[in-house]
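Handing you this structure, nothing more for now.
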Amino acid sequence: MPLSKQKPPTWFWIVAVLLLLWAAAGMFALFAHLTVDAKALAAMSDYDRAFYLKLPVWFDFFYWLAVLPALSGSMALLRRSRKAREVYIVSLIGVIAQFGWVFGATDLIAVKGAAATVPFPLFIFLMAIVQVWFAGIAIKRRWIS
């Protein structure tokens, strides 16, 4: 697909690289989640250990769905492909499903409190929205095509 003739400003590239780094951090967090071993489980509180062990089988799928498309979207953004927005939307869906279940179907907030559990997932959700918005701006300004 040909690149747009409209040259993106320098700050576009800075934001795109930061989004790539954010997605890479998400991949690292996913890897850490998937590779929890007996030693890591033993170091958890009783509640956290029980919470982790009771995660539904499909939870990992939505974790992947939140993280992998974010990484793909960031790479598409750096390649100046409009597909970035589409895959960022998929990532947003994964984030909503993942944290929707965590906060809607568990007692996490009741046990640990909103102040301890909500801020970072809320930040993740806002970042997913920013990714979709930023890709949309880039399409509208013809920085990606």
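How far, in nm, would the chain grow between residue 145 and residue 29 when pulled straight, counting 0.36 nm per residue and subtracting the alpha carbon separation? Could you put the intermediate results ahead of the total?
On the way: separation 116, 0.36 × 116 = 41.76 nm, distance 3.09 nm.
That works out to 38.7 nm of additional length.
Can you tell me how segment 29-109 classifies by the Cα gyration tensor, rounded, prolate or oblate, using a/c under 1.5 as the rounded cut? Working shown, then result.
Details: a/c = 3.66, a/b = 1.98, b/c = 1.85.
Note, shape of segment 29-109 comes out prolate.
Limiting things to C-alpha atoms, what are the Rg and the maximum Cα-Cα separation (Dmax) for segment 1-58, in angstroms?
Gyration radius and largest Cα-Cα distance of segment 1-58: 19.4, 57 Å.
Among the lysines, select those whose C-alpha is under 16 Å from the C-alpha of residue 83, and discard any that sit fewer than 8 residues away in the same chain.
Reachable lysines: 140.
Taking all protein chains as present, what is the carbon and sulfur share of the accessible area of the chain, in % to the nearest whole number, probe 1.4 Å?
On the way: 6100 of 8560 Å².
Exposed carbon and sulfur together represent 71 percent of the surface.
In whole Å, how far is the Cα centre of segment 43-67 from that of segment 18-36?
Distance between centres, Cα-based: 15 Å.
Taking the chain as the reference, fit the longest principal axis to its C-alpha atoms, fit the long axis of helix 10-34 to the helix C-alpha atoms, and give the angle between the two in degrees, 0 to 90, nearest 10.
Once rounded, the angle reads 30 degrees.
Over segment 65-124, calculate the relative contact order: mean separation of alpha carbon pairs under 8 Å at least 6 apart, over the residue count, as a percent. Walk me through the numbers on the way to the answer.
Values: 44 pairs, mean separation 17.8, N = 60.
Over segment 65-124, the number comes to 30 percent.
Restricting to Cα pairs below 8 Å that are 6+ residues apart, what does the relative contact order work out to for the chain? Please round to a whole percent.
Details: 132 pairs, mean separation 47.7, N = 145.
Dividing the mean separation by the residue count of the chain yields 33 percent.
List the trypsin sites (Lys or Arg not before Pro) within segment 24-124 that DSSP assigns to loop and that have no more than 13 neighbouring Cβ atoms inside 10 Å. Don't jump to the answer; show the numbers that get you there.
Numbers: sites: 39, 49, 54, 79, 80, 82, 83, 85, 112; in loops: 54, 79, 80, 82.
When the trypsin sites (Lys or Arg not before Pro) of segment 24-124 are filtered for loop state and at most 13 Cβ neighbours within 10 Å, 54, 79 remain.
Further question: Regarding the chain, what are the three Cα extents along the principal axes, ordered largest first, in Å?
Answer, in whole Å and largest first: 57, 27, 24 Å.
Hey, if we sort 89, 96, 144 by accessible area with the 1.4 Å probe, largest down, what's the order? Numbers along the way, then the final one.
Working: 89 60, 96 90, 144 5 Å².
Sorted descending by solvent-accessible area, the residues read 96, 89, 144.
Where nothing but the Cβ of Lys and Arg (+1) and of Asp and Glu (-1) is charged, how large is the charge dipole of the chain around its Cα centre, in debye to the nearest 20? Please list the in-between numbers first.
Numbers: 14 positive and 6 negative charges, 216 e Å.
That gives a dipole near 1040 debye.
Check cross-link reach from residue 39 to the lysines: straight Cα distance under 20 Å, and skip same-chain residues fewer than eight apart.
Cα-Cα hits under 20 Å: 54.
Write out the chymotrypsin sites (Phe, Trp or Tyr not before Pro) in segment 49-85 meeting two conditions: DSSP loop, and at most 16 other Cβ atoms within 10 Å of their Cβ.
On the way: sites: 51, 52, 58, 59, 61, 62, 63, 64; in loops: 58.
Taking segment 49-85 and a limit of 16 other Cβ atoms within 10 Å, the loop chymotrypsin sites (Phe, Trp or Tyr not before Pro) found are 58.
Can I ask one more? Can you give me the angle between helix 59-78 and the longest principal axis of the chain, using Cα atoms only, in degrees from 0 to 90, rounded to the nearest 10?
Value to nearest ten degrees: 20.
Then there's this: How far, in degrees from 0 to 90, does helix 83-104 lean away from the longest principal axis of the Cα atoms of the chain, to the nearest 10?
The helix 83-104 is inclined about 20 degrees to the chain.
The values are calculated or read from the model by the stated rules, or taken from the named source; none is laboratory data. Because the structure is a prediction, the values reported are computed rather than measured. Backbone-built Cβ (ideal geometry, glycine too); neighbour counts: all protein chains shown. Note: accessible area is taken over every heavy atom of the protein model, side chains too, but ligands, DNA and RNA are not part of it. Shrake-Rupley method; radii C 1.70, N 1.55, O 1.52, S 1.80 Å.
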